[in-house]
There are 2 protein chains.
Amino acid sequence: MSSLSVPPPQCLLQPFVVPHRLLLGPGPSNVPARIVTAACQPMLGHLHPETIEIMDQIKSGIQYAFQTQNCMTLAVSGPGHAAMECAIFNSVEPGDSVLIAVNGIWGERAAEIAQRIGAKVNTIVTSAGRYFTNSEIEQALAKYKPVLFFLTHGESSTGVVHPIDGIGELCHKYGSLFLVDSVAALGGSPIYMDKQAIDILYTGSQKVLNAPPGTAPISFSERACHKIFSRKTKPVSFFLDLNWLASYWGCDGKPARIYHHTGPVTALYSLREGLEKSWKRHKDVAEYFHTGLEKMGLKLFVEEKKARLPTVTTVVAPPGYDWKEITRFIMKNHNIEISGGLGPSVGMVLRVGLMGCNSNKDHVDMILEALSDALKHCHKSKV
Amino acid sequence: MSSLSVPPPQCLLQPFVVPHRLLLGPGPSNVPARIVTAACQPMLGHLHPETIEIMDQIKSGIQYAFQTQNCMTLAVSGPGHAAMECAIFNSVEPGDSVLIAVNGIWGERAAEIAQRIGAKVNTIVTSAGRYFTNSEIEQALAKYKPVLFFLTHGESSTGVVHPIDGIGELCHKYGSLFLVDSVAALGGSPIYMDKQAIDILYTGSQKVLNAPPGTAPISFSERACHKIFSRKTKPVSFFLDLNWLASYWGCDGKPARIYHHTGPVTALYSLREGLEKSWKRHKDVAEYFHTGLEKMGLKLFVEEKKARLPTVTTVVAPPGYDWKEITRFIMKNHNIEISGGLGPSVGMVLRVGLMGCNSNKDHVDMILEALSDALKHCHKSKV
């Protein structure tokens with residue numbers, strides 16, 4: 001007689017079928033066959049010489065994509081949120097003052113993470129669709145003297161790309177580290193970690209890089225490392241402790257790798273296109289899309305052209321329509337995912353992601369046609 | 001002229017070749033073709049109905065593997081270390097007293113994690129290769145009255161499988177939650193979460209389950225949830241906060257899923273063999289291996305037969321040999337990974353993992369032959 005009280009689930013004895021879809025939401029994006037193939041390579045031990053060589057190659061790839069010479073460059077074994085916590089957990093001690101720029105959901109989350117570890121959190125806030133001027137930022141830096149300033153490069157909830165120039169220098173003038181979240185923008189919108197004096201920069205694997213979700217590239221400047229390695233308390237997370245990550249990724253200059261945890265490999269082989277080509281392609285395709293939208297009579301949520309994020313476009317939700325009916329219609333009839341708003345932009349926008357391999361004019365034509373079809377067939381209330 | 005100061009790395013322009021190896025170390029284990037194929041299925045949005053159905057199926061699979069009816073059952077988007085932090089971060093508040101059983105490296109790590117979040121950590125310690133009696137555990141529970149007791153089911157650093165019966169009841173008698181780490185044992189050695197009154201149980205994907213590393217199944221009893229959802233402070237990690245994870249995994253009884261983070265899907269399709277068959281196979285194969293080792297004149301590190309972990313075998317490092325030369329010889333000449341000790345067992349043992357699809361008698365014959373070959377060819381000092 002079986003000693004098992006829970007029987008094997010019938011659902012797991014059925015074949016496993018996943019539909020093909022064009023993923024034009026704010027991420028994850030589709031994974032091209034070449035990258036899927038990389039993930040099918042045989043499993044290796046996490047400390048084999050070949051694995052270490054692959055990690056070193058990934059590190060070079062991240063240095064290129066981030067435009068940085070930082071030795072302290074690696075991929076966190078988790079999603080973008082783990083990288084966000086890795087950045088904040090390591091660089092901030094309880095009682096430290098931090099300043100967070102909130103112009104969408106990512107600033108709100110960063111503020112919550114810093115609060116949980118006992119930081120004194122100050123914020124500057126602007127409305128969805130807007131960004132901050134350097135002088136607004138300088139005023140706040142002068143007032144709060146934070147150890148860290150957090151800014152979102154590509155605010156995917158509102159479709160805003162934030163200007164970066166000059167902010168790093170302002171941070172350093174006031175003794176602050178400059179932390180930038182570029183999860184939704186990196187690879188699709190220019191950023192230069194070293195030239196722009198960014199101290200900590202991270203992104204996710206599943207957006208422009210077109211890799212499966214589950215790894216998050218991150219890099220730390222010497223200035224950031226100095227603060228991190230002279231802290232008085234241990235970071236709350238062992239899993240995300242940079243002391244351990246640095247040994248595991250060989251960023252401490254020592255030849256031997258120390259076992260920390262079992263890292264997921266094979267995910268980051270997507271950086272073979274030149275960065276500038278990729279930036280230009282994302283910009284061109286986004287502009288082509290924006291023109292098409294305006295021709296259809298739709299309105300862009302971000303008015304100022306240069307503030308429009310090339311990877312995630314926010315369209316003002318068509319007046320009189322239920323935005324949920326539109327996204328459902330397009331999924332059902334065109335097999336394409338697009339998304340509604342998130343956080344401060346819920347109900348206000350539709351969001352369309354054109355990231356990595358998904359950023360091309362054919363896809364724009366498809367989504368424009370799908371939107372036009374939806375506006376014809378979805379219910380319109382009398383306004 | 002290019003604005004890039006960091007050129008594209010040449011190493012990423014080369015073909016990407018990974019060797020095939022038989023991974024008989026303490027994990028990761030080889031991933032069978034069927035599971036690789038699952039990971040090649042098309043990417044879906046992380047909140048698509050099909051993704052939610054897959055998550056529900058994964059949940060059923062974990063409930064079966066853990067032998068639990070717990071609704072609060074899910075997979076953490078990270079390695080086993082993230083699950084360890086998820087368990088401790090959620091169930092322990094600063095100032096709480098916890099009790100950790102240390103008979104190898106995993107107890108040490110759990111103690112360190114609890115210390116980092118400000119818990120009062122007490123330990124019971126025994127030497128590598130040993131386990132605790134229920135009366136030793138009861139004495140410590142009575143003395144420290146911890147909110148949580150941590151025990152390692154399969155101590156992969158020493159090759160010990162810990163008896164579980166009766167300990168859950170003892171924990172509850174003294175008002176403590178019972179947390180069990182079964183990363184290296186689950187699926188290969190019997191465990192019954194509900195029957196054995198375990199409150200929190202987790203494992204890793206890359207051991208007996210033969211999936212790629214990067215997800216970690218975890219389950220919480222009602223008693224654990226009661227403590228967690230009545231805590232006064234927020235857990236330090238947003239990423240691992242069970243309130244958020246529960247909504248994302250639909251464990252809160254509400255139909256709508258709340259976006260928390262982008263989870264990695266498609267990893268856990270490996271639970272198609274009956275549990276009891278799997279337990280018996282791991283036991284039979286391990287015993288076959290142990291007999292073969294003794295016939296060769298090698299000594300098992302764990303003397304008591306019933307305390308030998310069927311998934312990871314520890315062999316006393318052959319006297320007179322350099323254990324590193326042996327592992328290198330076997331990798332070079334037989335293309336098989338085995339491993340030395342870890343933490344308290346470094347230098348004392350060789351570790352051989354026979355997990356999931358790697359647990360079969362052909363592999364035992366291969367590794368016995370490889371060991372015998374190594375003992376012939378490696379240098380022996382005159383003892």
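One table, with the values for the structure above:
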{"item": "Only one of A:Ser135, A:Ser127, A:Ser182 that is farther than 24 Å from A:Ala216 by Cα and at pLDDT 95 or above", "result": "A:Ser135"}
{"item": "Index of the failed condition, B:Pro15 passing every other in (1) within 21 Å of A:Ile58 (Cβ to Cβ); (2) open to solvent by less than 40 Å² (accessible area, probe 1.4 Å); (3) not in a helix (DSSP H, G or I)", "result": "(2)"}
{"item": "Count of residues meeting criterion [within 20 Å of B:Ala224 (Cα to Cα) and hydroxyl-bearing (Ser, Thr, Tyr)] in the stretch B:112-170", "result": "2"}
{"item": "Failed item in (1) within 30 Å of B:Leu24 (Cβ to Cβ); (2) of a type outside the set (Val, Ile, Thr); (3) open to solvent by 30 Å² or more (accessible area, probe 1.4 Å), with A:Leu74 passing the rest", "result": "(3)"}
{"item": "Of all residues in the stretch B:213-248 being at the interface with chain A (Cβ under 9 Å from one of its Cβ atoms) and open to solvent by 40 Å² or more (accessible area, probe 1.4 Å), the one that is nearest to B:Lys173 (Cα to Cα)", "result": "B:Thr233"}
{"item": "Close pairs from the stretch A:104-119: first free of Cβ contacts under 8 Å to residues at least 40 places away in the same chain, partner of a type in the set (D, E, K, R) and crowded, with 22+ Cβ neighbours inside 10 Å, Cβ under 8 Å, at least 6 apart", "result": "A:Ile113/A:Glu85"}
{"item": "The listed residue being over 17 Å from B:Met355 (Cα atoms) and in the same structural domain as B:Val98 (by the TED database), out of B:Lys207, B:Lys195", "result": "B:Lys195"}
{"item": "Candidate set: the stretch A:143-179, residues that are within 20 Å of the chain's Cα centre (by Cα) and surrounded by fewer than 19 Cβ atoms within 10 Å (Cβ to Cβ); chosen: the one farthest from A:Phe220 (Cα to Cα)", "result": "A:Pro163"}
{"item": "Listing of strands (runs of 3 or more DSSP E) fully contained in the stretch A:40-143 that carry 2 or more residues being more than 10 Å from chain B (Cβ to nearest Cβ) and of a type in the set (Gly, Ala, Ser)", "result": "A:97-102"}
{"item": "B:Tyr131, sole failed condition from (1) open to solvent by less than 10 Å² (accessible area, probe 1.4 Å); (2) within 28 Å of B:Gln63 (Cβ to Cβ); (3) not charged (D, E, K, R)", "result": "(1)"}
{"item": "Residue under evaluation A:Glu369, criteria (1) within 15 Å of A:Leu300 (Cα to Cα); (2) of a type outside the set (Ser, Thr, Tyr); (3) surrounded by fewer than 19 Cβ atoms within 10 Å (Cβ to Cβ), criterion not met", "result": "(1)"}
{"item": "Hits in the stretch A:331-356 - residues which are open to solvent by 50 Å² or more (accessible area, probe 1.4 Å) and under 26 Å from the mean Cα position of the chain (by Cα)", "result": "A:Asn335, A:Val346, A:Met348"}
{"item": "Residues within the stretch A:258-286 that are in a loop (DSSP other than H, G, I, E, B) and modelled with pLDDT of 60 or more, tallied", "result": "3"}
{"item": "Matching residues, the stretch B:77-107, being in contact with a Gly (Cβ under 7 Å, 6 or more places away or on another chain) and either surrounded by 24 or more Cβ atoms within 10 Å (Cβ to Cβ) or closer than 16 Å to B:Ala184 by Cα (or both)", "result": "B:Ser77, B:Gly78, B:Pro79, B:Gly80, B:Ala82, B:Ile100, B:Ala101, B:Gly104, B:Ile105"}
{"item": "Matching entry among A:Pro94, A:Pro79 (being out of contact with any Cys (no Cβ under 7 Å at 6 or more places or on another chain), closer than 21 Å to A:Ser237 by Cβ and at pLDDT below 95)", "result": "A:Pro79"}
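The values are calculated or read from the model by the stated rules, or taken from the named source; none is laboratory data. If you're wondering where the values come from, they're calculated on a predicted model, not measured in any experiment. We place every Cβ from the backbone using ideal geometry, glycine too, and count neighbours over all the protein chains shown. Heavy atoms of the whole protein, side chains included, go into the accessibility calculation; ligands, DNA and RNA do not. Shrake-Rupley method; radii C 1.70, N 1.55, O 1.52, S 1.80 Å.
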